[in-house]
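K.L.:
Here's a structure for you.
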Amino acid sequence: MNLGIGFIFTDSLSRVAAVSGVLLSRDPHLAAIGFVFTPLTAFAQLPLGFLGHWWPELLRWNLTAVAMSAPFMAGTVIQVRGIARDRGCSTVLVVVLTALFALNPMIVMYAANGMSEAPFLFFVCWAVRRLIRWIRSDGVHDLITAGLALALAYLTRYDAIAPMFVAGALVGLISLLRYRPTAQPARGDSWWAAAIDVALVVAPGVAAFVAWSLTSWLITGTAFQQFSSVYGNSAILEQAGGNTTTAVERALFSLSEMAVLAPALPVLLLAAAILAIRRRDAEILVPVALFGSVLGTQSLLYLMDSTFPFLRFYITIIPLAFVLVVLLAPSRAPVISHRPGHAAPPPRPIPPNPGPSPLVALAVSMLVGSTAITTVAMGNARLAALEHSIASAIVPGRQDPAELAILRTFGAERRIAEYLDALNLPDGSVLLDTVEGFAVVTASNNPKQFVITSDTDFTKILDDPAGHGVQYILAVPNTKRGIADAVNRRYPTMFETGSGGVGALVLEMRNDGGTEPEMWRLYRVTGQLTPGG
């Protein structure tokens with residue numbers, strides 16, 4: 001998908017650019033990983049990114065990102081399989097569910113594109129599995145592992161803060177119910193026991209939140225760059241002109257996104273809830289609470305016009321549907337815990353396998369139908385704004401011009417990088433802001449030739465490019481996302497006039513990739529630039 005078709009997701013390649021800044025830039029340092037997004041997605045690429053010294057194609061074609069996302073998504077598949085095995089599902093059901101989940105087109109695409117969905121799904125599914133085990137084992141190890149998984153999920157995506165605190169509330173409630181006033185220990189001790197359980201599952205995430213926010217504040221002066229920076233989502237939406245849809249339309253859109261990813265969910269949820277009540281089985285609360293909190297957070301953010309209409313934000317509904325099918329089957333296996341708690345049930349004989357369940361078989365067939373609906377929906381531009389373009393590369397006869405243009409994304413940036421590489425420039429010769437120019441940096445064989453936003457001396461060089469040896473400035477239109485470009489903020493007429501003619505135009509490259517910016521201009525610095533000019 002990345003190297004053969006050339007279909008590379010923007011956010012994915014921007015993380016690769018952060019890896020390049022940390023390892024390969026003229027000013028390599030760990031803080032170059034950036035603070036607009038949490039760090040784990042880029043941090044996991046650092047070992048392979050180091051090979052970019054000798055193999056630039058790893059960065060140019062987004063392959064370090066793929067080498068990150070594919071194992072994480074494989075781990076997600078293993079967690080879904082593990083939930084079914086922990087339940088004692090039959091081998092046939094485990095194999096069928098595992099294969100269906102692994103072959104879901106959204107799971108395949110987000111395993112292959114280097115985005116944050118793969119590690120995020122892995123950590124949330126890991127937490128779900130461990131909390132389901134804890135309900136049956138009361139084991140401290142399961143609580144600790146769930147807490148660590150949620151902390152790592154937060155270091156992958158900010159919206160993990162929702163399942164983190166929902167998990168804490170759920171654990172606290174279940175712990176209190178396990179120690180009723182008439183039971184031992186005394187009621188005061190039951191509150192203390194519940195508080196310890198909550199701390200085990202929440203404390204790692206709180207520590208991650210504090211550590212990341214504090215680090216961002218110490219280095220950038222802002223604790224939450226995602227919400228206050230000109231590079232954050234809210235700022236990007238404002239630069240794009242804002243959302244013109246109504247709140248009702250946004251709510252319906254969120255529902256439609258969830259409907260095409262898991263159309264069988266209402267039926268599965270109802271059936272699983274009825275069986276859980278009959279069996280007095282609280283395990284259903286875990287996936288509904290954790291996955292549901294992510295879905296609710298994304299829907300609320302979009303309703304508040306604080307995020308984008310992207311299908312990927314609702315991907316957690318897919319594992320939710322699969323886990324609900326697992327919970328339709330009766331529990332037939334004990335949970336093995338090294339430290340079972342007081343509430344762990346005593347060992348009991350494993351009930352005989354009753355054979356195939358018509359209800360479970362019907363649920364699996366519904367998952368097959370859901371996968372087919374998801375596959376069709378991913379080719380719809382309105383429902384799948386990011387994913388639909390690949391259809392023109394794999395569906396015979398489709399060849400949609402707009403989709404083919406998106407498949408050429410970053411082609412112009414690669415040509416600019418080739419032009420600059422051919423000049424054999426010394427370090428620090430080309431000034432650009434990576435808000436738009438990140439793909440030029442990742443495509444280059446010589447990242448050290450660039451002065452980029454994460455360099456510690458970027459602001460000083462931006463004030464006096466000629467005095468610091470800068471020979472070229474790469475400019476983008478001062479519109480839309482280009483408003484946030486540091487060059488445009490310092491020299492507003494750079495793109496139009498070369499900042500009053502001080503820059504000489506040497507290259508103009510139209511973006512044929514169907515994305516922003518529409519045009520690139522490379523200026524050779526011929527004199528002293530005046531800030532604001």
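The values are calculated or read from the model by the stated rules, or taken from the named source; none is laboratory data. Please read these numbers as outputs of a predicted model, since none were measured by experiment. Because the Cβ atoms are built from the backbone with ideal geometry, glycine has one as well, and the counts that use them run over all protein chains shown.
K.L.:
Within the range 447-469, track down each residue that is crowded, with 20+ Cβ neighbours inside 10 Å and either farther than 23 Å from residue 221 by Cβ or of a type in the set (A, V, I, L, M) (or both).
P.N.:
Once the filter is applied, which keeps residues that are crowded, with 20+ Cβ neighbours inside 10 Å and either farther than 23 Å from residue 221 by Cβ or of a type in the set (A, V, I, L, M) (or both), the range 447-469 yields 447, 449, 450, 451, 452, 462, 465.
K.L.:
Please enumerate the residues belonging to the range 64-88 that are farther than 29 Å from residue 21 by Cα, of a type in the set (A, V, I, L, M, F, W, C) and touching a helix residue (DSSP H, G or I) at 6+ places or on another chain (Cβ under 6 Å).
P.N.:
77, 80, 83, 84
K.L.:
Something else: Scan the range 1-56 for residues that are in a loop (DSSP other than H, G, I, E, B) and touching a residue at least 12 places away in the same chain (Cβ under 8 Å) and report the count.
P.N.:
22
K.L.:
Give the range 400-423 a look and list any residue that's of a type in the set (Gly, Ala, Ser) and surrounded by 23 or more Cβ atoms within 10 Å (Cβ to Cβ), or say none.
P.N.:
417
K.L.:
Considering only the range 264-280, I want to know if a residue exists there that is modelled with pLDDT of 95 or more and assigned to a loop (DSSP other than H, G, I, E, B).
P.N.:
Yes.
K.L.:
Now a separate question. Quick one: which of 398, 408 is under 30 Å from residue 5 (Cα atoms), without any contact (Cβ under 8 Å) to a residue 60 or more places away in the chain, charged (D, E, K, R) and part of a loop (DSSP other than H, G, I, E, B)?
P.N.:
Just a single option satisfies the conditions, and that option is 398.
K.L.:
Here is a follow-up. Give the residue, chosen from 421, 427, that is not assigned by TED's automatic domain parsing to the domain that holds residue 260 and not in a helix (DSSP H, G or I).
P.N.:
Of the residues listed, the single one that is not assigned by TED's automatic domain parsing to the domain that holds residue 260 and not in a helix (DSSP H, G or I) is 427.
K.L.:
Is there a residue in the range 500-513 that is part of a helix (DSSP H, G or I) and farther than 30 Å from residue 389 by Cα?
P.N.:
yes
K.L.:
Output the residue which, of all residues in the range 59-72 that are surrounded by fewer than 23 Cβ atoms within 10 Å (Cβ to Cβ) and of a type in the set (A, V, I, L, M), is nearest to residue 451 (Cα to Cα).
P.N.:
Out of the qualifying residues, it is 63.
K.L.:
Among the residues of the range 357-366, are any surrounded by fewer than 22 Cβ atoms within 10 Å (Cβ to Cβ) and assigned to a loop (DSSP other than H, G, I, E, B)?
P.N.:
Yes.
K.L.:
Check the range 376-392 and report whether any residue there is surrounded by fewer than 20 Cβ atoms within 10 Å (Cβ to Cβ) and either over 25 Å from the mean Cα position of the chain (by Cα) or farther than 29 Å from residue 263 by Cα (or both).
P.N.:
No: the range 376-392 contains no residue that is surrounded by fewer than 20 Cβ atoms within 10 Å (Cβ to Cβ) and either over 25 Å from the mean Cα position of the chain (by Cα) or farther than 29 Å from residue 263 by Cα (or both).
K.L.:
Name the residue that is farthest from residue 438 (Cα to Cα), counting only residues in the range 475-499 that are in a loop (DSSP other than H, G, I, E, B) and touching a helix residue (DSSP H, G or I) at 6+ places or on another chain (Cβ under 7 Å).
P.N.:
493
K.L.:
Next question. Just to verify a result, which residue in the range 167-206, among those that are surrounded by fewer than 20 Cβ atoms within 10 Å (Cβ to Cβ) and among the charged types (D, E, K, R), is modelled with the highest pLDDT?
P.N.:
Among those residues, the one meeting the criterion is 178.
K.L.:
With (1) in contact with a helix residue (DSSP H, G or I) (Cβ under 6 Å, 6 or more places away or on another chain); (2) modelled with pLDDT under 95; (3) within 23 Å of residue 209 (Cβ to Cβ); (4) crowded, with 21+ Cβ neighbours inside 10 Å as the list, and residue 37 as the residue in question, which single condition is left unmet?
P.N.:
Going through the list (1) in contact with a helix residue (DSSP H, G or I) (Cβ under 6 Å, 6 or more places away or on another chain); (2) modelled with pLDDT under 95; (3) within 23 Å of residue 209 (Cβ to Cβ); (4) crowded, with 21+ Cβ neighbours inside 10 Å, residue 37 breaks only (1).
K.L.:
Right, another one. With the structure loaded, tell me whether residue 426 is surrounded by fewer than 21 Cβ atoms within 10 Å (Cβ to Cβ), more than 16 Å from residue 62 (Cα to Cα) and in contact (Cβ under 8 Å) with a residue 40 or more places away in the chain or whether it fails that test.
P.N.:
Yes, satisfied.
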